[in-house]
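Right, one structure below, let's go through it.
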Amino acid sequence: MKKSTLGAILLIMPALAVAEGKKTDLPKPEPGQKIVQAARTESPIVLDGVLDETVWKRQPATGFTQTDPVDGQPATEATEVWIAYDDKALYVAAFCRDSEPSKIIRRLGRRDSDVDSDWFIFAVDPYYDRRSGYLFGVNPAGSIIDEALSNDVNDDESWDGIWESKAAVNAGGWTVEMRIPFHQIRFPKQDEYVWGVNFRRVIKRKNEEILFAWTSKKEAAFVSKFARLEGLRGFGPGTHVEIMPYVTGLARYAPEQEGNPFETGHRTLGNAGFDLKASLGGNFTLDATANPDFGQVEVDPAVINLSAYETFYEEKRPFFIEGASIFDGFGRGGIYLNAGMNWPTTMFFYSRRVGRAPQGYATQDGYVDTPDRTTILGAAKLTGKYAGWNIGFINAVTAREYATIDSFGLRTQEEVEPSSYYGVLRAQKDINKGQQGIGFMATGVVRGTDSETLNGILNKNAFTLAVDGWSFLDAKRNYVVGGWFGATSVEGTAADIYRLQTSSYHYYQRPDASYLSLDPGATSLSGWGGRFQIAKQGGNFLWVVGAGALSPGFDINDAGYQSRGSDITNYSFLAANQWTKPGKVFQYFLLGGGGLLTYDFGGNKTGEALVALVQGTFPNFWSFNSEWMLAARTYDTRLTRGGPLAVAPWSWSQQTSLETDSRRPFVLEVAGSYSGIPEDGYAWSAEASLTWKPRPNFSLSMGPEYMVQTTDTQWVGRFSDELMTETYGRRYVFAHLDQTVVAAEIRLNWTFTPKLSLQAYLQPFIGVGHFDGFRELAAPKTFDFNVYGEGGSTVDYADGVYTVDPDGAGSAAAFSFGDPDFNMKSLRGTIVLRWEYLPGSLFYLVWTQNRADYADAGTLNLSRDTASLFTAPGDNVFMFKLSYRWGA
């Protein structure tokens with residue numbers, strides 16, 4: 001891959017914000033398609049939930065059909081809908097008639113909280129591409145949700161438009177009015193428009209969902225089935241600019257550390273910046289941010305990760321999650337069935353790379369103050385549609401960050417994160433009304449630093465380029481084939497690329513992998529990957545067949561995320577039958593099964609398994625899900641972490657969950673899992689969550705979790721010994737591990753009004769692990785181990801250090817390692833008060849606490865460790881953030 005060519009794609013902002021020409025040829029109605037007529041209002045519409053305007057006296061759209069509980073049957077309650085417009089906005093009115101209005105469920109929730117309530121939902125496809133659009137929902141209490149629609153069936157609730165609504169309950173049911181400004185949705189300028197439209201209603205006490213343009217539960221479709229909205233003319237999308245400046249204040253209180261000049265007990269900070277949103281010609285939206293602050297987001301949960309791969313954390317920052325669906329949907333267009341089947345997660349863009357914690361470290365002695373995150377100097381995101389192409393483009397620049405070192409009063413600085421540029425370009429085009437589609441995605445990361453330390457651990461440049469596409473094989477879109485193929489290229493110093501080659505994602509140093517070649521002098525690494533699937537995803541009988549491969553050099557981790565290493569070929573098959581017609585035992589039922597095979601590029605079988613799944617809903621609307629796997633004896637390329645192959649013994653696992661009826665004041669969710677490897681160990685877990693909803697605006701959920709794991713092959717380390725010829729001059733050391741995790745999650749949601757809410761999150765976490773029974777792999781391609789302390793070998797422990805002599809009086813040298821036992825106690829929590837005091841203008845008050853303690857490693861005492869959660873040293877951060885939306 002040419003760096004200059006791909007770099008040019010990413011470093012140049014495409015000048016695509018040009019409005020397309022007016023269209024005069026309107027598409028013809030499709031056979032059987034419903035038609036809704038919009039009317040221009042001649043007088044102002046007052047949003048009060050009272051349908052007394054003249055424009056609402058016309059003939060309404062009626063005739064809704066159930067998807068639940070009885071798919072295909074007429075709705076049990078009548079619903080009437082009208083659509084009107086003026087030069088500036090679209091108006092929607094609905095009368096949700098109800099024979100028992102006193103039983104209408106109206107729960108308050110903060111924005112985009114899909115609470116258990118009655119709902120009226122309006123969905124629109126302004127491009128009439130039958131693939132994308134927007135969704136706006138209102139419940140009887142006035143709570144709202146809005147989403148961006150894509151790929152026919154996908155929705156992105158992170159999209160937030162600025163629109164208005166009003167709901168009212170009356171003697172005949174409840175009513176709703178909406179006003180949606182045209183500048184909040186994208187569409188090309190035309191003399192006259194035809195849009196797609198649909199209406200959905202939820203009658204929660206009956207668990208009934210109804211649609212105006214009905215789609216059966218057996219069909220994998222939504223936007224493509226919309227009705228036709230006619231009568232729209234004489235307006236345009238216009239140009240709209242919103243600027244949202246903000247100010248923040250922060251006070252951090254932490255235990256004072258004697259002698260440490262950076263931990264004096266308190267610290268105060270202030271900050272300011274702005275966000276900008278502009279609609280450009282109706283086709284594009286530009287989002288930009290300067291010096292963004294995300295202090296109002298919820299803290300990440302505590303985890304214990306003993307694997308060789310990083311933990312994935314969800315994105316929670318508003319700038320990055322809004323409109324993310326165009327990037328997240330890469331490789332999944334047309335394919336709605338999602339069957340992982342031992343295929344690693346491959347995200348070409350993982351937005352948490354931008355603004356991450358500094359990756360470097362201070363090499364000097366002294367007290368060190370390191371920033372907890374990298375400053376984002378500025379970022380811009382362009383999303384929209386041009387000449388039939390859906391386009392998303394992100395640019396972000398992060399600052400060079402320094403650690404400050406204080407050594408006996410002398411302060412110096414050392415670079416711990418270079419200045420960096422991140423670029424992502426995504427384009428996708430629907431063909432033949434979405435019957436086929438093609439697209440591509442390119443990412444680039446460019447870092448600049450003169451630090452020898454950072455140049456040895458960070459890639460200088462990293463680029464990816466990939467294409468994706470799909471084609472439905474029949475007019476009903478039941479059968480589809482699709483996939484993606486891409487290439488990666490990474491550049492850096494010889495020390496950095498050597499580190500990358502030997503990392504857990506590549507393991508080029510494997511001594512028995514003749515097809516891999518470790519090059520100490522290399523300054524670049526490249527690879528390729530792809531996955532293709534063919535599926536039947538409509539009707540009762542469903543199936544999907546997949547094949548994929550990631551070459552040993554494939555690496556997307558500078559801008560993206562990969563859950564496991566490369567060097568994999570994967571083949572899978574999954575079939576299932578679903579019963580959607582309610583019966584005496586099940587409201588819905590699905591039974592499926594399949595299999596998978598996995599190899600490395602040397603032809604070694606690294607995975608072979610059979611899977612089974614069953615899920616369903618009972619007539620009382622309790623639901624369950626159960627998955628089972630039986631894995632055969634194969635080889636493991638990862639157990640020795642760069643060493644020779646080992647055997648992966650046969651194993652089995654299952655996980656099962658049950659959830660009670662979500663309409664009730666008390667909702668219980670329970671889940672359990674078990675995995676067993678007879679030659680190695682086992683793990684099991686149990687968790688529960690009880691949600692209490694005593695009032696329409698209040699919910700409290702509490703969920704404990706308990707996990708136990710026992711294994712004889714927990715990684716400890718590798719140690720050179722030329723006498724250990726059986727494993728190529730190195731000893732690969734493991735241990736017996738007994739691990740226990742006791743944790744809980746507590747969440748409170750208190751919504752005072754649809755614009756004022758309080759949320760709280762608390763996670764107490766205790767994780768304890770004890771290591772003993774140290775051993776080494778005896779020979780490649782086996783599951784045989786030499787246990788230390790047996791056969792003449794010795795293992796001694798003193799002052800927190802284990803010393804092993806692998807052959808006692810023999811000539812092999814002894815080696816040592818630290819005690820790996822642990823006892824991690826963590827208490828993390830966040831309380832957020834959110835007030836939307838004007839449309840789009842927000843005020844936050846936030847309190848975040850983080851306590852941690854690591855005493856008593858290797859032993860679990862619940863009373864002692866629980867007490868330590870509340871007495872452990874910790875940080876308390878208090879913050880406010882005020883933003884104001886100015887629109888023109």
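Tabulated results
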| quantity | calculated |
| --- | --- |
| Which numbered condition Trp715 misses (of (1) in contact with a Ser or Thr (Cβ under 9 Å, 6 or more places away or on another chain); (2) farther than 26 Å from Gln655 by Cβ) | (2) |
| Checklist (1) of a type outside the set (Asp, Glu); (2) open to solvent by 50 Å² or more (accessible area, probe 1.4 Å); (3) under 21 Å from the mean Cα position of the chain (by Cα) applied to Ala379, failing item | (2) |
| Qualifying position, being out of contact with any helix residue (DSSP H, G or I) (no Cβ under 8 Å at 6 or more places or on another chain), open to solvent by 10 Å² or more (accessible area, probe 1.4 Å) and closer than 27 Å to Lys581 by Cα, among Lys189, Lys217 | Lys217 |
| Within region 325-341, considering residues that are farther than 12 Å from Asp152 by Cα, part of a loop (DSSP other than H, G, I, E, B) and under 17 Å from the mean Cα position of the chain (by Cα), the one modelled with the highest pLDDT | Phe330 |
| Per-region count, region 54-76, residues of a type outside the set (Ser, Thr, Tyr), open to solvent by 20 Å² or more (accessible area, probe 1.4 Å) and assigned to a loop (DSSP other than H, G, I, E, B) | 10 |
| Any pair with Cβ under 6 angstrom, 6 or more apart, that starts in region 38-54 at a residue that is more than 17 Å from Ser165 (Cβ to Cβ) and ends at one that is among the β-branched types (Val, Ile, Thr) | Ala38/Ile83; Ala39/Val55 |
| Candidate set: region 77-98, residues that are hydrophobic (A, V, I, L, M, F, W, C) and over 17 Å from Leu229 (Cβ atoms); chosen: the one most open to solvent (accessible area, probe 1.4 Å) | Ala78 |
| Where a residue in region 335-351 is within 12 Å of Gln537 (Cα to Cα) and in contact (Cβ under 8 Å) with a residue 12 or more places away in the chain and its partner, wherever it lies, is open to solvent by 30 Å² or more (accessible area, probe 1.4 Å) and part of a loop (DSSP other than H, G, I, E, B), with Cβ under 6 Å and at least six apart | Tyr336/Val153 |
| Condition broken by Leu229, with the remaining ones in (1) of a type in the set (A, V, I, L, M, F, W, C); (2) more than 24 Å from Lys385 (Cβ to Cβ); (3) in a strand (DSSP E or B); (4) out of contact with any Leu (no Cβ under 8 Å at 6 or more places or on another chain) satisfied | (2) |
| Pick from region 845-888, criterion assigned to a strand (DSSP E or B) and polar (S, T, N, Q), ranking: surrounded by the fewest Cβ atoms within 10 Å (Cβ to Cβ) | Asn876 |
| Enumeration of residues in region 773-790 that are in a loop (DSSP other than H, G, I, E, B), touching an Asp or Glu at 6+ places or on another chain (Cβ under 9 Å) and open to solvent by less than 50 Å² (accessible area, probe 1.4 Å) | Ala778, Ala779, Pro780, Phe783, Tyr788 |
| Phe349 vs. criteria under 18 Å from the mean Cα position of the chain (by Cα), closer than 25 Å to Asp146 by Cβ and crowded, with 18+ Cβ neighbours inside 10 Å | yes |
| Criterion (open to solvent by less than 60 Å² (accessible area, probe 1.4 Å), of a type in the set (Val, Ile, Thr) and more than 24 Å from Asn697 (Cβ to Cβ)) met by exactly one of Thr751, Thr725, Thr740 | Thr740 |
| Condition met for Gln537 (of a type in the set (S, T, N, Q), buried (at least 17 other Cβ atoms within 10 Å of the Cβ) and either touching a Cys at 6+ places or on another chain (Cβ under 8 Å) or closer than 30 Å to Asn577 by Cβ (or both)) | yes |
| Single residue of region 791-806 satisfying the filter (in a loop (DSSP other than H, G, I, E, B) and more than 42 Å from the chain's Cα centre (by Cα)) that is surrounded by the most Cβ atoms within 10 Å (Cβ to Cβ) | Pro806 |
| Flag if Arg130 is touching an Asp or Glu at 6+ places or on another chain (Cβ under 9 Å) and farther than 20 Å from Val197 by Cα | no |
| The listed residue being surrounded by fewer than 16 Cβ atoms within 10 Å (Cβ to Cβ) and touching a residue at least 40 places away in the same chain (Cβ under 8 Å), out of Gly643, Gly717, Gly676 | Gly717 |
| Subset of region 142-156 [part of a loop (DSSP other than H, G, I, E, B) and either in contact with a strand residue (DSSP E or B) (Cβ under 7 Å, 6 or more places away or on another chain) or of a type in the set (D, E, K, R) (or both)] | Gly142, Asp152 |
| Selection count, region 813-844, where residues are in a loop (DSSP other than H, G, I, E, B) and within 29 Å of the chain's Cα centre (by Cα) | 2 |
| Hey, Trp159 open to solvent by 20 Å² or more (accessible area, probe 1.4 Å), farther than 30 Å from Gln73 by Cβ and either in contact with a Cys (Cβ under 9 Å, 6 or more places away or on another chain) or assigned to a loop (DSSP other than H, G, I, E, B) (or both) or not | yes |
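The values are calculated or read from the model by the stated rules, or taken from the named source; none is laboratory data. All values reported here derive from a predicted model rather than from experimental measurement. Quick reminder, even Gly has a Cβ in these numbers, built from the backbone with ideal geometry, and neighbours come from all protein chains shown. Protein only, heavy atoms only, side chains kept; ligands, DNA and RNA dropped before computing areas. Shrake-Rupley method; radii C 1.70, N 1.55, O 1.52, S 1.80 Å.
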